[in-house]
1. Search region 300-318 for residues being assigned to a loop (DSSP other than H, G, I, E, B) and out of contact with any Leu (no Cβ under 6 Å at 6 or more places or on another chain), and hand back the single one that is farthest from residue 370 (Cα to Cα).
2. The conditions are (1) in contact with a strand residue (DSSP E or B) (Cβ under 7 Å, 6 or more places away or on another chain); (2) open to solvent by 70 Å² or more (accessible area, probe 1.4 Å); (3) aliphatic (A, V, I, L, M), and residue 24 fails exactly one of them. Which is it?
3. Cβ-Cβ below 8 Å, separation at least six or inter-chain, first residue in region 352-375 and at pLDDT 85 or above, second crowded, with 18+ Cβ neighbours inside 10 Å and basic (Lys, Arg): which pairs?
4. Run residue 314 past the list (1) open to solvent by 80 Å² or more (accessible area, probe 1.4 Å); (2) farther than 15 Å from residue 340 by Cα; (3) in contact with a Ser or Thr (Cβ under 8 Å, 6 or more places away or on another chain) and report the number of the one that doesn't hold.
5. If a residue counts only when it is open to solvent by 60 Å² or more (accessible area, probe 1.4 Å), which strands (runs of 3 or more DSSP E) contained entirely in region 172-281 have at least 2 such residues?
6. Could you run through region 282-304 and say how many residues are over 21 Å from residue 337 (Cα atoms) and open to solvent by 50 Å² or more (accessible area, probe 1.4 Å)?
7. For region 478-498, give me each residue that is in a helix (DSSP H, G or I) and either touching a His at 6+ places or on another chain (Cβ under 9 Å) or modelled with pLDDT of 85 or more (or both).
8. From the list 340, 377, exactly one residue is charged (D, E, K, R), open to solvent by 20 Å² or more (accessible area, probe 1.4 Å) and under 27 Å from the mean Cα position of the chain (by Cα). Which is it?
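The values are calculated or read from the model by the stated rules, or taken from the named source; none is laboratory data. The structure presented is a predicted model; accordingly, all values stated were derived computationally and were not measured. Neighbour counts run over all protein chains shown; Cβ positions are idealised from the backbone, glycine included. When the accessible area is computed, the model is the full protein with side chains, heavy atoms only, and any ligands, DNA or RNA have been set aside. Shrake-Rupley method; radii C 1.70, N 1.55, O 1.52, S 1.80 Å.
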Amino acid sequence: MALAFDEFGRPFVIIKEQDQKVRLRGLDAQKANIASGMAVSRILRTSLGPKGMDKMLQSPDGDVTITNDGATILEQMDVDNQIAKLLVELSRSQDYEIGDGTTGVVVLAGALLEQAQKLLERGVHPIRVAEGYETASRIAVEHLEKIAQKFDFGVNNIEPLVKTCMTTLSSKIVNRCKRSLAEISVKAVLAVADLERKDVNLDLIKVEGKVGGKLEDTELIYGILVDKEMSHPQMPKQIEDAKIAILTCPFEPPKPKTKHKVDIDTVEKFQTLRKQEQQYFDNMVQKCKGVGATLVICQWGFDDEANHLLMHRNLPAVRWVGGVELELIAIATGGRIVPRFEELTPEKLGKAGLVREKAFGTTKDRMLYVEHCANSRAVTIFIRGGNKMMIEETKRSIHDALCVARNLIRNNSIVYGGGSSEISCSISVEAAADRYPGVEQYAIRAFADALDSVPMSLAENSGLQPIETLSAVKSQQIKENNPYCGIDCNDAGTNDMREQNVFETLIGKQQQILLATQVVKMILKIDDVISPSDF
């Protein structure tokens, strides 16, 4: 850009290749940005809550995804507009940090933008709106602290954790077995959690899926599940008290690095070569047996001869196991990954109480279970389902539930769901607006109205009268001074979310409000958009 002056001394901007640029400025730019932000939020609005709808997305290469998870919907949508991309990143950051509430955060941001548009049309300066929002978000976050409740849970008392995970799963497609899936998620998190440090490493929880069976067959395995089978059909299918050698070196004779050529012109020479090869294999198998290994798990393959020898020497083996699975097996069994046969020692072997091969259905699919490990800090959640999409969606749902359980271990404060915490925050923000004399109070009231959009969407998606339901619940909260009244989405007959056991994590809710406010502030501050024009 360059600045020039006309004959009256007024500056004007010259843009390079001006005819190829499209420029929006001032209120038009803000309105265009707000419209694109609201368009994204409108897409997600219908998938909020237990009665929310699913979205079906088809990728360019024909893969179909059916999902209810806000972050996944926005990731898969091919968004072109820059402001819409900000909302995609907003839901992604909520997913990374909290794992749950990805739809709610975008709905809230869209509502804030909608309210901001009304204020801008009345001539309020965008910066004043942004500052008012910032103040209101602080009031809302502090109010959440006040209405939050702490609950105690222990390894033996997991009920509170399970109930909170059930709230997360109730808005997903898997809600018919939310109880069992929530229990599985909580047990998996507690198995790998370090309760003293309040830390959970979710990498130690492996989520595997296999098509077939029904959702109720989903199970938690205290160990590792490998999608492989024994290398030889006649090897034993079950090994108790297994000592596992974990190898990353191939079971085959070493090959010279340089180019080489072997001339064999007589039968004797060929026999010598074959014997030599067999000797190599024998030594390898002997080394494994010598250190006391009863099972070999190898990252590479081995040819039929090695396979045959392993079978004859009664040393079961599994080949072509991936790197990530090898690491998890090493963590679970307390073994060490061995890169060369020379380095095999008895203390590097992993120990597992039971290694078994299990077949599924009438297909020839078999999988290997490594259970009762020495160090049971690695677990696997094994999902069954009728089709691939169902399994993928269950994986995403379980990821959300795992994240919620992890957040509760980090910080065991909860607020009540069903829109109750949003309505309560809205009432307190509305009341606080009177303390601010300037134009900001309009923005603070607008923030309170925007907070109502979440319970309103919940009511709308549940087929209730949105405005009527919301005003009834709001007046009930004010009358009874009870911040736990929310939208009765499931027709349970009560508005009290304590009785319905609808919980959400406090940090998840606070993060939603803070992130949505930050993004809206950023969008409101843009007043000039210069983009290349479409040819």
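1. Filtering region 300-318 down to residues assigned to a loop (DSSP other than H, G, I, E, B) leaves 300-301, 303, 313-316.
Still in the list and also out of contact with any Leu (no Cβ under 6 Å at 6 or more places or on another chain): 300-301, 303, 313-315.
On the way: 300: 19, 301: 20, 303: 24, 313: 22, 314: 19, 315: 16 Å.
Ranking the qualifying residues of region 300-318, first place goes to 303.
2. (2)
3. 367/210
4. It fails just one condition, (3).
5. Details: elements: 205-211, 219-221, 223-226, 238-247.
Correct list: 238-247.
6. So in region 282-304, the residues over 21 Å from residue 337 (Cα atoms) come out as 282, 303-304.
When the remaining residues are screened for being open to solvent by 50 Å² or more (accessible area, probe 1.4 Å), the result is 303-304.
Result for region 282-304: 2.
7. Across region 478-498, the qualifying residues are 478, 479, 480.
8. Values: 340 fails: under 27 Å from the mean Cα position of the chain (by Cα).
Within the list 340, 377, the selection yields 377.
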